[in-house]
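In what follows, a single structure is set out as structure tokens and then discussed.
The values are calculated or read from the model by the stated rules, or taken from the named source; none is laboratory data. Fair warning: this is a prediction, and the values are worked out from it, not measured in the lab. Neighbour counts are summed over all protein chains in view; Cβ atoms, including those assigned to glycine, are modelled from backbone coordinates with ideal geometry. Each accessible area value is taken on the protein alone, full model and side chains, heavy atoms only, with ligands, DNA and RNA left out. Shrake-Rupley method; radii C 1.70, N 1.55, O 1.52, S 1.80 Å.
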Amino acid sequence: MSDREILPFNLPMLTGREFTYIREAIDSGQLAGNGGFTRRCHDWLRSTLGVPGVLLTHSCTAALEMAALLLDLGPGDEVIMPSFTFVSTANAFVLRGATPVFVDIRPDTLNLDERLIEDAITPRTRAIVPVHYAGVGCDMDAIMAIADRHGLLVIEDAAQGLLASYRGRPLGSLGHLGALSFHETKNVTCGEGGALAIRASRFLERAEVLWEKGTDRSRFFRGEVDRYTWVDVGSSFLPGELAAAFLYAQLEEAAAITAERLHLWQAYYDACAPLETLGVRRPVVPGDVTHNAHLFALVLPAGTPREQVLAELNRHGVNAVFHYVPLHQSPAGRRFGRAAGPLPVTEDRAARLIRLPLWAGMNREAPADVARLLAGLLNRIRPAGGTT
Ligand SMILES: *Cc1c(COP(=O)(O)O)cnc(C)c1O
């Protein structure tokens, strides 16, 4: 990278039909939610995920909040989840008064370590929330087997998982409920957006009611009741038609967007191979999952001053960032949740991980340039006490 060229961490991309569909939505005369474009998005997502129900939401956060409502969670209930995740994974349940119980992650995929889940289960445990980090699937067969054995429900945080799969099944369709994100930073976006995928059919009817402010408005529109009224708790979880129109243009191109991201991801993966001799770890994708190139993250050698590496990358125009501040170490995580035990892998990886720029439309030469820049930096910036 030359000093003047900036490689942003993320740039939203347009597929080309967004404006056409937004105009169509305006011309249709309905801007409120649950109109034609919402239905097209629902159909696309239902058939892509292979689940009986999907509801668009304002965000993945909102979809997780709907899941917490559907499970009737309340004070005293515990929900098992990783600490290495975005705050919404926990907040959705904390809003209901439930307690997040943080479990450590696997050193390879950085996903919830299924071998540690059973030790964290108590008589108050109600649900498990696996997060598919980087669009790499968790070991869902193992997690579902644990849930079945203990009578727990599973809500997938598949915010990063669109078009990725585990043993041939789409992420978001494997738990009882799944939450997806269409935030600007995700592979497919409408700025702020999300969806709740409903595989367990017992939740279908109530989910629609919660979504439509606690009314049976959806049944009314299908002609199943002759007027609609307030029947349950709920909120306004549905996005308007302008967002749905934008999103539909992106969903139609989701496969092409993913293919382009996979190409860039592979270019990073190949170009970063020589960094392994410096102690850098590249992403691990198990053989039974297909990922979607949501992000490319490296784990720096232990003791490397990460802030200095990030500052140097940014000084050279590469907007690399870190991921995440573990929730159990955050002020709200300490207040509202608890760690099931020590979380050494979470703490170690969160301190060493860097994310590199990756977005559809990015220059295809960029991954090789970034890898070269990083190799030069790491040769200069030695780990504290490092020998090699
Ligand atoms: C992005 C993300 C969310 C939140 O998605 P929003 O649509 O912004 O609410 C939740 N969990 C994970 C793991 C995410 O990456």
Where residues in the range 289-306 are assigned to a loop (DSSP other than H, G, I, E, B) and under 30 Å from Arg167 (Cβ atoms), which of them is nearest to the chain's Cα centre (by Cα)? His294
With respect to Asp108, is the statement that it is of a type outside the set (Lys, Arg), open to solvent by 30 Å² or more (accessible area, probe 1.4 Å), in the same structural domain as Val209 (by TED's automatic domain parsing) and over 29 Å from Gly240 (Cα atoms) true? yes
Could you say whether any residue in the range 223-238 is more than 24 Å from Leu163 (Cβ to Cβ), open to solvent by 20 Å² or more (accessible area, probe 1.4 Å), in a strand (DSSP E or B) and assigned by TED's automatic domain parsing to the domain that holds Ala351? no
Output the residues belonging to the range 10-48 that are in contact with a Leu (Cβ under 9 Å, 6 or more places away or on another chain), open to solvent by 30 Å² or more (accessible area, probe 1.4 Å) and not in a loop (DSSP other than H, G, I, E, B). Ile22, Ile26, Arg40, Trp44, Thr48
Can you give me the ranges of the strands (runs of 3 or more DSSP E) entirely in the range 124-220 with at least 1 residues that are without any contact (Cβ under 8 Å) to a residue 40 or more places away in the chain? 153-157
Screening Thr48, Thr61, Thr57 for residues that are hydroxyl-bearing (Ser, Thr, Tyr) and away from the ligand (no atom under 16 Å from the Cβ) leaves only Thr48
Please find, within the range 159-191, the residue that is farthest from the chain's Cα centre (by Cα) out of those that are more than 19 Å from Ala243 (Cβ to Cβ) and within 11 Å of the ligand (Cβ to nearest atom). Gly161
Among the residues in the range 115-128, are any under 14 Å from Pro286 (Cβ atoms) and either open to solvent by 10 Å² or more (accessible area, probe 1.4 Å) or within 16 Å of the ligand (Cβ to nearest atom) (or both)? no
How many of the residues making up the range 106-130 are under 16 Å from Asp148 (Cα atoms) and under 17 Å from the mean Cα position of the chain (by Cα)? 3
I'm trying to understand the selection: among the residues of the range 273-302, which are open to solvent by 50 Å² or more (accessible area, probe 1.4 Å) and either small (Gly, Ala, Ser) or free of Cβ contacts under 8 Å to residues at least 60 places away in the same chain (or both)? Glu276, Thr277, Arg281, Gly287, Ala302
Restrict the check to the range 69-83 and report whether at least one residue is among the hydrophobic types (A, V, I, L, M, F, W, C) and over 14 Å from Arg126 (Cα atoms). no
Looking at the range 183-196, can you tell me whether even one residue there is surrounded by fewer than 24 Cβ atoms within 10 Å (Cβ to Cβ) and farther than 30 Å from Leu14 by Cα? no
Got a sec? Which of Val51, Val101 is crowded, with 17+ Cβ neighbours inside 10 Å, part of a loop (DSSP other than H, G, I, E, B), touching a residue at least 60 places away in the same chain (Cβ under 8 Å) and not assigned by TED's automatic domain parsing to the domain that holds Ala351? Val51
